[in-house]
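Readers should treat all values here as calculations from the given coordinates under stated rules, not as data from a laboratory. All values reported here derive from a predicted model rather than from experimental measurement. Counting neighbours? That spans all protein chains shown, and the Cβs are built from the backbone with ideal geometry, glycine included.
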């Protein structure tokens, strides 16, 4: 069974440019999460989806960040415009809606803003 | 607001040594606690999950304990190997629901030959 897939794995952009990250969760997982991990820190939740609905986006900087999960499967996280402080690893995770709800993480997208 | 702290931040041990990683959390109202492993440039791999009603979980050479009332958990690694070198992260899910993981900053472990 395929795990959580993320692309791209690495992205280097100049500040003020837009950037987008893509995530495909494990098949059948209704819940999808986007986390941001700064260097030397643990991941912090940005947004959580239940199917296509964003049920927790309290930590998402809405002035420049947006996310969508239109068909309740894969998801895109966008930053526009990017700032130097956005350099981090962006992790996607998914879990089933019932049962143990264990979160399975993708490999992440490492973003460097110059 | 839940805060999770991990001590030490980094640890270097010789191969074969037993070791303990520590995790503390400020709000004891948790649903469960997980220990993750993160290798450089990789995502997180779940190692052990302890429900709030449990005291410990074991998997191979790993044993995790939970003392919810004191807000502490430990991860014990027996007979460490160079392949255990990684960053170990502790995370809790609050009892309020939402399945939101709150992570500590991690312990970077190096096991030397």
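What average count of beta carbons from other chains do you get within 10 Å of the Cβ of residues in A:103-113? Present the calculation step by step, with values, prior to reporting the outcome.
Details: counts 10, 4, 8, 3, 5, 5, 0, 1, 0, 0, 0.
Neighbouring Cβ atoms belonging to other protein chains average 3 per residue here.
Take the alpha-carbon positions of chain A, form their convex hull, and give its projected area averaged over all directions (one quarter of the hull surface) in nm².
Working: hull surface 27.4 nm².
Here the figure is 6.8 nm², rounded to one decimal.
Using the scaling law 2.2 N^0.38 Å as the reference, what is the normalised Cα Rg of chain B? Don't jump to the answer; show the numbers that get you there.
On the way: Rg = 13.5 Å, N = 113, 2.2 N^0.38 = 13.3 Å.
That works out to 1.02 for chain B.
Taking the Cβ of each residue in B:55, B:37 as the centre, tally the other Cβ atoms inside 10 Å and list the residues starting with the fewest. Walk me through the numbers before you get to the answer.
Working: B:55 11, B:37 19.
The order, fewest Cβ neighbours first, is B:55, B:37.
Assuming R0 = 30 Å, what is the FRET efficiency of residue A:59 and residue B:69, from their Cβ-Cβ distance, to the nearest 0.05?
On the way: r = 29 Å, r/R0 = 0.95.
After rounding to 0.05, the efficiency reads 0.60.
Regarding the protein assembly as shown, what's the average projected area of the Cα-atom convex hull, expressed in nm²? Can you show the working numbers first?
On the way: hull surface 50.1 nm².
Averaged projected area of the protein assembly as shown's Cα convex hull equals 12.5 nm².
Over the whole of B:37-48, what's the average partner chain Cβ count within 10 Å per residue? Rounded to a whole number, please.
Counting other chains' Cβ atoms within 10 Å and averaging over B:37-48 gives 4.
Based only on other Cβ atoms within 10 Å, what is the fewest-to-most ordering of A:75, A:66, B:59? Walk me through the numbers on the way to the answer.
Values: A:75 24, A:66 16, B:59 11.
Listed from fewest to most nearby Cβ atoms, that is B:59, A:66, A:75.
Compute the distance in nm between two label points, each set 7 Å from the Cα along the Cα-to-Cβ direction, one at residue A:27 and one at residue B:95.
Placing both labels 7 Å beyond Cα along the Cβ direction yields 3.9 nm.
Take every Cα-Cα pair in region B:58-113 and report what % of them are more than 14 Å apart.
Numbers: 996 of 1540 pairs.
Considering region B:58-113, 65 percent of its Cα-Cα pairs are separated by more than 14 Å.
Please average, across the residues of B:101-111, the number of beta carbons from any other chain that are within 10 Å of each residue's own beta carbon, and give a whole number. List each step's numbers first, then the result.
Numbers: counts 9, 4, 7, 2, 4, 5, 0, 1, 0, 0, 0.
Counting other chains' Cβ atoms within 10 Å and averaging over B:101-111 gives 3.
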